[in-house]
Amino acid sequence: QVQLVESGGGLVQPGGSLRLSCVASGSIAGLNSMGWHRQVPGKERELVATATRGGTTHYADSVKGRFTISRDNAKNTVYLQMNSLKPDDTAVYYCNYRDIMDGRDYWGRGTLVTVSS
C-alpha cells in the first residue's frame with residue numbers, strides 16, 4: 001500500500017557528508033512516522049532516526065549531533081543529512097514508514113552508504 005524509494009547513498013571519506021532522500025507513495029496515512037534504519041550483514045537492524053508528521057524527532061545515541069532528519073510532508077519525503085561520517089556508519093540504510101493507526105511498517109529497498117577507512 002505504501003512504496004518507498006531511497007536515494008543518495010554512496011562512498012564517502014571519514015568526516016564527509018551525505019544526504020539521503022526517501023519518497024513515499026501510495027496510501028499515505030494522516031498519522032505516520034518516517035525514519036531511517038541501517039543494517040550490516042549478520043547484524044541486527046538498528047534505528048537511526050525517526051520523525052513524525054508534526055516534526056518530533058528521535059535519534060540513536062550513536063548519531064546524535066551528527067545526523068539530522070527532516071520531512072517535507074507536501075512531497076511525502078524524508079531526508080537524512082549525515083555529517084562527520086565514521087567508518088562505523090557503513091551500512092545499508094533503509095527508509096521506514098509506519099502507519100500509526102495500524103502499526104504496520106513499510107520498508108524501502110535500501111541504499112548503501114560506505115565510509116572508507
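The values are calculated or read from the model by the stated rules, or taken from the named source; none is laboratory data. This structure is a prediction, so every number in the text was calculated from the model and none was measured. We place every Cβ from the backbone using ideal geometry, glycine too, and count neighbours over all the protein chains shown. Ligands, DNA and RNA are stripped out before the accessible areas are found, and what is left, the full protein with its side chains, is counted by its heavy atoms. Shrake-Rupley method; radii C 1.70, N 1.55, O 1.52, S 1.80 Å.
One residue is enough: does the stretch 45-52 have a residue meeting the conditions hydroxyl-bearing (Ser, Thr, Tyr), in a strand (DSSP E or B) and modelled with pLDDT under 95?
Looking through the stretch 45-52, at least one residue is hydroxyl-bearing (Ser, Thr, Tyr), in a strand (DSSP E or B) and modelled with pLDDT under 95.
What residue, among those in the stretch 31-44 that are in contact (Cβ under 8 Å) with a residue 40 or more places away in the chain and assigned to a loop (DSSP other than H, G, I, E, B), is farthest from Ser70 (Cα to Cα)? Even if it seems obvious, please write down each step before you answer.
Initially, the stretch 31-44 is screened for residues in contact (Cβ under 8 Å) with a residue 40 or more places away in the chain, giving 31-40.
Subset that is assigned to a loop (DSSP other than H, G, I, E, B): 31, 40.
Details: Leu31: 16, Val40: 24 Å.
Among residues in the stretch 31-44 that are in contact (Cβ under 8 Å) with a residue 40 or more places away in the chain and assigned to a loop (DSSP other than H, G, I, E, B), the one farthest from Ser70 (Cα to Cα) is Val40.
If you check Ser62 against the conditions, is it without any contact (Cβ under 8 Å) to a residue 40 or more places away in the chain, part of a loop (DSSP other than H, G, I, E, B), open to solvent by 40 Å² or more (accessible area, probe 1.4 Å) and hydroxyl-bearing (Ser, Thr, Tyr)?
Yes, satisfied.
Within the stretch 65-96, how many residues are within 28 Å of Ser27 (Cα to Cα) and open to solvent by 30 Å² or more (accessible area, probe 1.4 Å)?
12
Can you find a residue in the stretch 5-25 that is in a loop (DSSP other than H, G, I, E, B) and without any contact (Cβ under 8 Å) to a residue 40 or more places away in the chain?
Just the residues of the stretch 5-25 that are in a loop (DSSP other than H, G, I, E, B), to begin with: 8-9, 13-17.
If we keep only those that are without any contact (Cβ under 8 Å) to a residue 40 or more places away in the chain as well, we get none.
No - not one qualifying residue is present in the stretch 5-25.
Which one is surrounded by the most Cβ atoms within 10 Å (Cβ to Cβ) among residues in the stretch 97-117 that are in contact with a strand residue (DSSP E or B) (Cβ under 9 Å, 6 or more places away or on another chain) and in a loop (DSSP other than H, G, I, E, B)? I'd like the intermediate steps shown before the answer.
Step one: filter the stretch 97-117 for residues in contact with a strand residue (DSSP E or B) (Cβ under 9 Å, 6 or more places away or on another chain), giving 97-101, 104-116.
Filter once more, keeping what is in a loop (DSSP other than H, G, I, E, B): 100-101, 104, 108-110, 116.
Details: Ile100: 13, Met101: 10, Arg104: 12, Gly108: 21, Arg109: 11, Gly110: 17, Ser116: 11.
Across the stretch 97-117, the extreme among qualifying residues is Gly108.
Would you please list the contacts, defined by Cβ atoms under 6 Å and residues six or more apart or on different chains, that run from a residue in the stretch 76-89 that is closer than 23 Å to Gln3 by Cβ and part of a helix (DSSP H, G or I) to a residue that is at pLDDT below 95 and open to solvent by less than 50 Å² (accessible area, probe 1.4 Å)?
From the stretch 76-89, no pairs qualify.
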